[in-house]
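Have a look at the structure below before the remarks.
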Amino acid sequence: MRERAEAAGQGHVFRFWDELDAAGRERLSGQVASIDFEEVARLGALLSAGPPPAPNRFEPPDTFPLERGAELEERAREARARGAERFAAGAVGYVLVAGGQGSRLGYDGPKGCFEVGPVTGRTLFGWLAGRIAAARERHGSVAPWYVMTSATNDAATRAFFAEQDHFGLGAENVRFFTQAMLPALDSEGRIVMSAPDELFLAPNGHGGTLAALSDSGCLDHARERGVETFSYFQVDSPLARPADTLFVGLHALAGAQMSAKVAAKRDADEKVGVLGLVDGKLGCIEYSDLPDDLRHAQTDDGKLLFRAGNIAAHVLERSFVEELTRGELRLPWHLARKEMPMLNEAGTIEKRPGVKFETFVFDALGYAQRSVVLEIDRALEFSPVKNADGADSPASCRADLTRLFRTWQAVAGVPVSEHAVEVAPEFAETEEEFLARMPAEPRRVEGAGVVYD
Ligand code: UTP
């Protein structure tokens, strides 16, 4: 292993070997054994390669809009019916990506264990599991749920699910799979070490989902279980709708391979990636890549031309993931340059510039022959927990939940609660479902608010 590392110009990873005890040697050699040095060399070459050439042409995508006339409303009805058929047939499996490090939130544990229910403190995993359980009731079918973790949070995630009795979904219907980890590199392309017996490894980005689904046997499992389509969602928004019949139905009617949901950007300067055609191919255009004039460009009716903010909810055909992962999948690398604590030659920790490498799942959109881009109402289905405070934080998310559920109370003609309100996903996922459950008395939770469950 030492020779292999030296031949790759990474011999320094064994610099402190002689000082390590047996456990340290085992840890380090285990990590080094998992390193693909050829890939590390390719990543290292990117450090000096400069940014990829700027695209020539950006265009907004064709979108199934939120404001719909009679014709599109009819299409939406047809799509919902088609989507419902797919769910009822058990043909739609769920893919949750929860392998991220959640460093901005700074919570000690898998992000999914974080409590965001404004009244009950329901966890992010609990919200998403509840939505899957509700879909099971609604459609009278059971489909597997694939949960992606990474080496750092896999054991804790599995333990949490076991503790929660897999949220009543049945352990046989929840399958965990683990994405690959990659070393960070310093500015010279050397593997960063975080301790004498430890490499600095980070998950390879949510683009790693596709290869991990294949390598872990989940694709075979899905095929055996009759899953033809995956509903893909992130761990951080309790309002995510993994069982959205409109989305799955539009995707099916279009014969699409990979589709995406978008929410209108709040303003030109909101720092989110937008979906668009980049030199004719669907992809996500990072905020910093969209030239200023295009960022502010407007349509005739005064909307932003590039407003299709990516919310990272996708539908993918299983056959599409199989095709992509048959050979070696080469999604483009995204480099995150940041100061990171690293071991120096003297064996002490020092903050120095380093680079983390990730691939992103939305880059697979460019490989799809057909895609649907569905515009959703952010108030109804997107309030992510990203930061410890401020925008996209636990506080803003809880406030968004209560705000949404109060509007349902108002429409139902019940006195709007002055306290926090929570509507359990098993009780209702939409305003229509909520109205159909009325009249109903919420449960009061002393000092917290009211909950419909
Ligand atoms: P984010 O881009 O918000 O990253 O992930 P993060 O790692 O969770 O948080 P920060 O940036 O460190 O604060 C969006 C979604 O993609 C998943 C995350 O778990 C989250 O659901 N993800 C991200 C992975 O599954 N693997 C990764 O390598 C990165």
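What tally of residues in region 420-447 results from selecting those that are of a type in the set (Gly, Ala, Ser), outside any strand (DSSP E or B) and at pLDDT 95 or above? Before the answer, list the steps.
So the first thing to find is which residues in region 420-447 are of a type in the set (Gly, Ala, Ser), and the list is 420, 424, 428, 436, 440, 447.
Retained after the next criterion (residues that are outside any strand (DSSP E or B)): 424, 428, 436, 440, 447.
Subsequent filtering for residues that are at pLDDT 95 or above retains 424, 428, 436, 440.
Qualifying residue count for the region: 4.
Helices (runs of 4 or more DSSP H) wholly in region 1-57 with at least 1 residues that are surrounded by fewer than 13 Cβ atoms within 10 Å (Cβ to Cβ) and over 35 Å from the mean Cα position of the chain (by Cα) - which ones? Before the answer, list the steps.
On the way: elements: 2-7, 22-33, 37-49.
Where helices (runs of 4 or more DSSP H) fall fully within region 1-57 and carry at least 1 residues being surrounded by fewer than 13 Cβ atoms within 10 Å (Cβ to Cβ) and over 35 Å from the mean Cα position of the chain (by Cα), they are 2-7, 22-33.
Restricting the search to region 368-392, which residues are of a type outside the set (A, V, I, L, M), outside any helix (DSSP H, G or I) and in contact (Cβ under 8 Å) with a residue 24 or more places away in the chain? Spell out how you get there, then give the answer.
As a first pass, look at region 368-392 and keep what is of a type outside the set (A, V, I, L, M): 369-371, 375, 377-378, 381-384, 386-387, 389-390, 392.
Subsequent filtering for residues that are outside any helix (DSSP H, G or I) retains 369-371, 375, 377, 382-384, 386-387, 389-390, 392.
Those that are of a type outside the set (A, V, I, L, M), outside any helix (DSSP H, G or I) and in contact (Cβ under 8 Å) with a residue 24 or more places away in the chain: Gln369, Arg370, Ser371, Glu375, Asp377, Phe382, Ser383, Pro384, Lys386, Asn387.
Is it true that Pro61 is part of a loop (DSSP other than H, G, I, E, B), modelled with pLDDT of 95 or more and either over 30 Å from Thr178 (Cβ atoms) or not basic (Lys, Arg) (or both)? Walk me through it before giving the result.
Working: part of a loop (DSSP other than H, G, I, E, B): yes; modelled with pLDDT of 95 or more: yes; either over 30 Å from Thr178 (Cβ atoms) or not basic (Lys, Arg) (or both): yes.
Here the answer is yes, as Pro61 does meet what is asked.
Those residues that are in a helix (DSSP H, G or I) and surrounded by 11 or more Cβ atoms within 10 Å (Cβ to Cβ), I need them from region 323-354; list them, please.
Residues of region 323-354 that are in a helix (DSSP H, G or I), as a first pass: 323-326.
Correct list: Glu323, Leu324, Thr325.
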Pair list, Cβ < 8 Å and 6+ apart or interchain, from region 167-194 residues that are farther than 23 Å from Thr209 by Cβ to residues that are more than 16 Å from the ligand (Cβ to nearest atom) and among the basic types (Lys, Arg): Asp186/Arg352; Ser187/Arg352
Gln101, sole failed condition from (1) over 17 Å from Thr152 (Cβ atoms); (2) surrounded by fewer than 19 Cβ atoms within 10 Å (Cβ to Cβ); (3) within 16 Å of the ligand (Cβ to nearest atom): (1)
Evaluation of Asp301 against (1) in contact (Cβ under 8 Å) with a residue 24 or more places away in the chain; (2) over 23 Å from the mean Cα position of the chain (by Cα); (3) part of a loop (DSSP other than H, G, I, E, B) (one fails), failing number: (1)
From Ala84, Ala70, residue being closer than 24 Å to His139 by Cβ and more than 16 Å from the ligand (Cβ to nearest atom): Ala84
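A quick yes/no check of all residues on (1) within 16 Å of the ligand (Cβ to nearest atom); (2) on the phi > 0 side of the Ramachandran plot; (3) free of Cβ contacts under 8 Å to residues at least 60 places away in the same chain:
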site	(1), (2), (3)
Asp267	no, no, yes
Lys281	no, no, no
Cys284	yes, no, no
Leu305	no, no, no
Ser319	no, no, no
Arg326	no, no, yes
Trp333	yes, no, no
Thr348	no, no, yes
Val355	yes, no, no
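So for region 93-107 (the condition being in a helix (DSSP H, G or I) and touching a residue at least 60 places away in the same chain (Cβ under 8 Å)), does at least one residue qualify? Before you say what the answer is, go through the steps one by one.
First, pick out the residues of region 93-107 that are in a helix (DSSP H, G or I): none.
Looking for residues that are in a helix (DSSP H, G or I) and touching a residue at least 60 places away in the same chain (Cβ under 8 Å), one finds none in region 93-107, hence no.
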Selection within region 192-230 - hydroxyl-bearing (Ser, Thr, Tyr) and either within 14 Å of the ligand (Cβ to nearest atom) or part of a helix (DSSP H, G or I) (or both): Thr209, Ser214, Ser216
Test: Val445 is more than 16 Å from the ligand (Cβ to nearest atom) and either surrounded by 21 or more Cβ atoms within 10 Å (Cβ to Cβ) or free of Cβ contacts under 8 Å to residues at least 60 places away in the same chain (or both): no
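Just give me the residues in region 108-128 being outside any strand (DSSP E or B), within 16 Å of the ligand (Cβ to nearest atom) and touching a strand residue (DSSP E or B) at 6+ places or on another chain (Cβ under 9 Å), in sequence order. Break it down stepwise before answering.
The initial filter retains those residues of region 108-128 that are outside any strand (DSSP E or B), namely 108-114, 116-122, 124-128.
The next check asks that each one be within 16 Å of the ligand (Cβ to nearest atom); those that pass are 108-114, 116, 124-128.
Selection gives Pro110, Gly112, Cys113, Phe114, Val116, Leu124, Phe125, Gly126, Leu128.
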Test: residue in region 241-258 that is at pLDDT 95 or above, surrounded by 15 or more Cβ atoms within 10 Å (Cβ to Cβ) and touching a Pro at 6+ places or on another chain (Cβ under 9 Å): no
Residue list for region 429-453, restricted to those being under 13 Å from Trp127 (Cβ atoms) and touching a helix residue (DSSP H, G or I) at 6+ places or on another chain (Cβ under 7 Å): Glu429
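The values are calculated or read from the model by the stated rules, or taken from the named source; none is laboratory data. Values in this document were obtained by computation on a predicted structure and should not be read as measured data. With ideal geometry, Cβ positions are generated from the backbone for all residues, glycine too; neighbour counts draw on all protein chains shown.
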